[in-house]
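What follows draws every value from the coordinates through simple rules; no lab data is involved. What you are looking at is a predicted structure, and each value in this text was computed from that prediction instead of being measured. For neighbour counting, all protein chains shown are included, and Cβ atoms are generated from backbone atoms with ideal geometry for every residue, glycine included.
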Amino acid sequence: MSDYAIEFKNVSKYFRVYKGTKDKILDLISRSGYGERFIALNDISFQLPKGEVLGIVGINGSGKSTMSNVIAGGLKPEKGEVIINGDVSLVAISAGLNTQLSGRDNIELKGLMMGLSRSEIKALEPSIIDFADIGRFIDQPVKTYSSGMKSRLGFAISVHINPDILVIDEALSVGDQTFYKKCIDKMNEFKNEGKTIIFISHSTAQVKSFCTQVLWLEFGKVREYGPVNEIVEHYSKFLNDFNKWTAQEKSNYRKEKLDEQYILLNRKKAHN
C-alpha cells in the first residue's frame, strides 16, 4: 500500500488548437498531427504523502485548474502517469453539477456517482441542504443559481460524501465570510482526520495558514515544490516584483511564457 495519496510521473496535458475546420480535418487524417498543441501541463512530477494539505499557487494561466481536473479524473493526460490512492471529490464553481437538474437532484446524482446507495444519500441530504443554506433554491434548476450558490452546494455535497482526497479549486473565492468560516471549519475537520486536501487559491495568506506543502506552477511547469513557509515566501516575493511591473512588461512576460506553451505540428506543411 502506497504512502502517497497522489503521484504525478512526467505528466503532460495538452489541448488541440485549430485556426479552422481545415486544420481540424488535417489533424484527424495526419499520422504525425497537424495544427497546434497548447501544453497546459508540461512534464510534471511530484509525490504528495497521505494526510498532507497541498496548496497550488501561480498566476492566471499557469495550469492550476487543469491540474485539479487531472487529479479529479475529469481530464486525462496525454503523457505520463497519474496515480491516485483513494476517492477524489472536486469542489469548483459548478464543477460536477448538472445545471438542468435541481440542487436536490444533483445531491442524488453526485452521491450515486461516488458509489453511495439511495438510502445513504437520503440520510445525508438534510445535512447537505443545511450546510449549503440556499433555501428554496434547492428545488430549482442549478442554471438559475448565482456563482456563490453553485459553490455552496458543490462544497456541501463534496464534504458530506466523505472523500479520501478533497480538491478545492477557488471555490471559496465566492460567497460571504460566514460561509467561508463554515468551509474552513469543515476543512480543518478533514485535516484533523488525516484526509488529503488540495487547496487552490490566489490568497497566499489562506495558503500559508492552512496548507503544509505548496506547489508553485508557472505556465504549465513546476517552478518550486516544498514546505509551505519556504515556497510562499518565494512566491510572495515574485508577486511583489511582478506587481511593480508596468502593464506592458506584464503583457510581454505573459506572451513570452504562453508562446513557449504552443507547439506547431507539421511546420513545413503549415507554412505552405
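The table that follows gives values for the structure above.
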read-out	value
Karplus-derived 3J(HN,Hα), 6.51/-1.76/1.60, for each residue of the stretch 183-200, Hz, glycine and proline x	5, 4, 4, 5, 5, 5, 4, 4, 4, 5, 7, x, 6, 9, 10, 10, 10, 9
Cα pair count fraction exceeding 21 Å, expressed as % - the stretch 1-133	58 percent
Sorted peptide list for 131-141, 43-53, 153-163, criterion being average Cβ within 10 angstrom, highest first	153-163, 43-53, 131-141
Highest-first arrangement of 241-249, 22-30, 221-229, 200-208, where packing means the average Cβ count within 10 Å	200-208, 221-229, 22-30, 241-249
Separation between Cα centres of the stretch 1-53 and the stretch 60-91, rounded to whole Å	10 Å
Approximate shape of the stretch 80-156 as ellipsoid semi-axes (Cα gyration tensor, √5λ), whole Å, largest first	22, 16, 11
Cross-link pairs 191/257; 9/110; 181/255; 79/150; 19/244 - those with Cα-Cα distance over 31 Å	191/257; 181/255; 79/150; 19/244
Relative packing of peptides 54-64, 81-91 - highest average C-beta neighbours within 10 Å first	54-64, 81-91
Pair residue 249, residue 22: separation of 7 Å Cα→Cβ label points (nm)	4.2 nm
Two-decimal Rg/Rh across the stretch 207-269, once Rg and the Kirkwood Rh are taken from alpha-carbon atoms	1.13
Candidate lysines - alpha carbon under 22 Å from residue 22, same-chain residues fewer than 8 apart omitted	268, 269
